Amino acid sequence: MNMSQKMAAEFLGTLWLVLGGCGSAVLAAAFPEVGIGLLGVSLAFGLTVLTMAFAIGHISGCHLNPAVSFGLWAGGRFPASELLPYIVAQVAGGIVGAGVLYAIASGQEGFSLASGFASNGFGEHSPGGYSLMSVLICEIVMTLFFLLVILGATDERAPKGFAPIAIGLCLTLIHLISIPVSNTSVNPARSTGPALFVGDWAVSQLWLFWAAPIIGAMLAGVIYRYFNAAK
C-alpha cells in the first residue's frame with residue numbers, strides 16, 4: 001500500500017473510533033430509560049477498534065492513535081519516517097469524527113457543549129473528580145498495557161487472526177477501568193477532536209492526553225523489545 005492509501009485508512013478509522021466511541025457517550029449513555037451507561041460506552045470503544053482492525057488492518061495496520069504509532073515505533077515495528085503522516089491522518093480523522101458527532105448532537109433541542117462532549121479531563125473535569133496526578137498515572141499505565149496487548153497480539157509468534165479481538169477487548173477493559181478517572185483517552189487523536197469543539201478547559205488540559213499516552217506507549221515498546229531480546 002502507498003502512503004496516501006494508508007493515511008486515508010487511518011483517517012477513516014480514527015473518524016469511526018471517535019464517532020462510535022464518543023458518539024455512544026454523547027448520544028446514548030444516558031438516553032432516557034434505555035441508556036447504555038458506562039458498560040455500553042466501554043464496549044462501543046472496543047467495537048470501533050475491533051471492526052476497523054478487520055476492515056483496514058491489512059491496509060495501514062489500523063493504529064487509529066498517535067500513541068499506538070509511537071509505541072510500535074519504540075518496539076521496532078514501525079518506521080520513524082511514517083510517524084508524522086500517520087499522526088496527521090489520525091488527528092484529522094478525530095477532528096472530523098467529532099465534527100460529524102457535533103452535527104448530529106446539536107440537532108437535539110437543549111444540546112450544549114457545557115456537558116463536556118466526551119472530552120477528557122482532570123480535577124473538576126474528571127468524571128470522578130480525580131487529580132492531575134491520578135489521571136496522569138492512569139493514562140500512562142492504561143496505554144502501556146494497551147500497547148503490550150497490541151504488540152503481543154500482532155507478534156508473528158501469536159495465534160493468527162485473533163489480534164483484533166484481543167485489542168478490541170483490551171480497549172473495552174481499559175474504558176471500564178478508567179472512564180470515571182479521565183473519561184478515558186489512551187489516544188491523543190480521540191482527545192483532540194472533542195476538545196477543539198469544547199474549547200476552554202478541554203483545550204488547556206489536552207497536553208496531558210498527548211503526553212501520558214505517548215509516554216505509556218513508548219515504555220511498552222521498550223518492554224516488548226526486552227521480551228524479544230531473548231529470542
Legend entry - Check on Ser42, out of contact with any Lys or Arg (no Cβ under 7 Å at 6 or more places or on another chain), within 26 Å of Leu208 (Cβ to Cβ), among the polar types (S, T, N, Q) and buried (at least 20 other Cβ atoms within 10 Å of the Cβ): yes
Inset, instruction - Filter the stretch 104-154 down to the residues that are hydroxyl-bearing (Ser, Thr, Tyr) and over 30 Å from Ala166 (Cα atoms), then identify the one that is modelled with the lowest pLDDT. - result: Ser115
Legend entry - Meets criteria (touching a residue at least 12 places away in the same chain (Cβ under 8 Å), among the aliphatic types (A, V, I, L, M), surrounded by fewer than 23 Cβ atoms within 10 Å (Cβ to Cβ) and not in a helix (DSSP H, G or I)) for Met7: no
Inset, instruction - Give Phe162, Phe197, Phe146 a once-over and let me know the one that is hydrophobic (A, V, I, L, M, F, W, C) and farther than 18 Å from Gln90 by Cβ. - result: Phe162
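Would you check if Phe78 is touching a helix residue (DSSP H, G or I) at 6+ places or on another chain (Cβ under 6 Å), assigned to a loop (DSSP other than H, G, I, E, B), buried (at least 17 other Cβ atoms within 10 Å of the Cβ) and not polar (S, T, N, Q)?
Yes: the conditions hold for Phe78.
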Legend entry - Count of residues meeting criterion [open to solvent by 20 Å² or more (accessible area, probe 1.4 Å), outside any helix (DSSP H, G or I) and not β-branched (Val, Ile, Thr)] in the stretch 106-157: 15
Legend entry - the stretch 15-29 residues that are under 14 Å from His175 (Cα atoms), paired with ones that are outside any helix (DSSP H, G or I) and among the hydrophobic types (A, V, I, L, M, F, W, C) (beta carbon under 8 Å, 6 or more apart): Leu17/Leu64; Gly21/Ala118; Cys22/Phe117; Cys22/Ala118; Ser24/Ile36; Ala25/Ala118; Ala29/Ile36
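The values are calculated or read from the model by the stated rules, or taken from the named source; none is laboratory data. Source: prediction; values computed, not measured. Every residue, glycine among them, receives a Cβ derived from its backbone with ideal geometry; neighbour counts consider all protein chains shown. To get the accessible areas, we keep the full protein, side chains included, count just its heavy atoms, and leave off ligands, DNA and RNA. Shrake-Rupley method; radii C 1.70, N 1.55, O 1.52, S 1.80 Å.
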